[in-house]
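For reference, the structure discussed in these notes is given below.
The values are calculated or read from the model by the stated rules, or taken from the named source; none is laboratory data. Since the structure is predicted, the reported quantities are computational estimates derived from the model, not experimental observations. No Cβ is skipped: glycine too gets one built from the backbone with ideal geometry, and neighbour counts run over all protein chains shown. The protein model used for the area step is the full one, side chains on, heavy atoms only, and it has no ligands, DNA or RNA in it. Shrake-Rupley method; radii C 1.70, N 1.55, O 1.52, S 1.80 Å.
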Amino acid sequence: MTPSSMSRRARVASALAIVTLGATIATTIPAQAAGSTLQAAASESGRYFGTAIAAFKLNDSTYSSIANREFNMITAENEMKMDATEPSQNNFSYSSGDQILNWARSNGKRVRGHALAWHSQQPGWMQNMSGTQLRNAMLNHVTQVATHYKGKIYAWDVVNEAYADSGGGRRDSNLQRTGDDWIEAAFRAARAADPGAKLCYNDYNTDNWTWAKTQGVYNMVKDFKARGVPIDCVGFQSHFNSGSPYPSNYRTTLQNFAALGVEVQITELDIEGSGQQQAQTYANVVADCLAVKACTGITVWGVRDSDSWRSSGTPLLFDGSGNKKAAYTSTLDALNRGGVPTDPTTPPTDPTTPPTDPTTPPTDPTTPPTDPTTPPTDPTGRCTASLAIANAWPGGYQATVTVKAGSSSINGWRVTLPSGVSTSNLWNGVLANGVVTNAPYNGSVGAGQSTTFGFVGNGSAPSAGSVTCA
């Protein structure tokens, strides 16, 4: 054997050893490590996984640590809505919204803004307006709030819940009565105020492709895109329960909206139930989103079951103690597994109208009553308060309390709730020992004017009527 042939054999042996070693390494290191948290797993596919936050709960270490560890998109539960940000006309208050924004940004998270224009949760001064005066006030609100948060919000729910639950048409509201173009006007004002934010329309009971409400929103978005109205995304609240279950054509709905050239975002997800059935439904929703390229993220409406507006239905991924549920594991696994696209079902040419009397209560936890009881006048010049039940369901209810000043203005108020009221979710006030005091931004109420606060209660609803105000 010549030295040259020995050299060639040595080189071949060395090369084989390298190949063998490389094959061994390749079989022991996965191509892509699985995400160990919801935000990490979602990020692998370029999506976000978020939650809704209440500012007053950020001091709860269990609450804030879960939110920080698991989620990378934050929505203010109530703190950026109309009544919180403009409690009196042209008097804007951003302290609570800023608290959530600053917490999110300091922890490396993005923020969804919710919501700029809505028929519900309007401040008292706006509820009494109509026509051109109301239209101008709404546009001013959109402009001022979007300008304040310019460059800091990933996406705004510009208009919230503007479609009726049946029939496919617009919801009758004071804003709708200013003219059918009010939604378009709000979107144009939001674009002018913050050109960098994605602009979304957000609604509930639009998950089933065959429902008339879904088709009504679809046709509006199609029209907006055709005419150049600035709309970037559509939000699906997706509150699922036995009365409004996850539909088998959910992915079809997401695909068909995406085909219009908008992003689709699951904005307020919660799924009532427990055990494997709940876990499987969460996994199905995640798989549907991942199968649609334009589905850019998912937000669950709350951190723990005890934080949910429908806590009796245990609809979230963590139990009241902050422990991971089976639904958490199935959601994480589905995010890591990725969606499996399927051919979309052909949209029906004659969509079926959804039930005219759906059993699902309005799916935003803060919807006030459509016809609140007018508080009685107070000749002494102090304040009065009146409680009205907005919605009720087995195991819970939603209430709104209107506080009205008498013949002179007030600077601060206290309302004693009815005996036996139990709540873990209250907005526009501070609760302690059954007494609600004003938030920092709504204590000053002019003579004859009013402000509101609301809460979600556990158990049976109290009788509507007066409560004590001081």
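Here is how the numbers come out for the structure above:
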| read-out | value |
| --- | --- |
| Counted charge near Y246, where neighbours are those whose Cβ lies closer than 10 Å (Asp, Glu -1; Lys, Arg +1) | -2 |
| Rounded to the nearest 10 Å², the accessible area of E44 at probe 1.4 Å | 90 Å² |
| Subset of K81/K150; K152/K213; K57/K109 violating a 21 Å alpha-carbon distance limit | K152/K213 |
| Inter-site label distance for D181 and S409 at 7 Å from Cα along Cβ, in nm | 3.7 nm |
| Where the stretch 38-337 is the region considered: accessible area per residue in Å², 1.4 Å probe | 32 Å² |
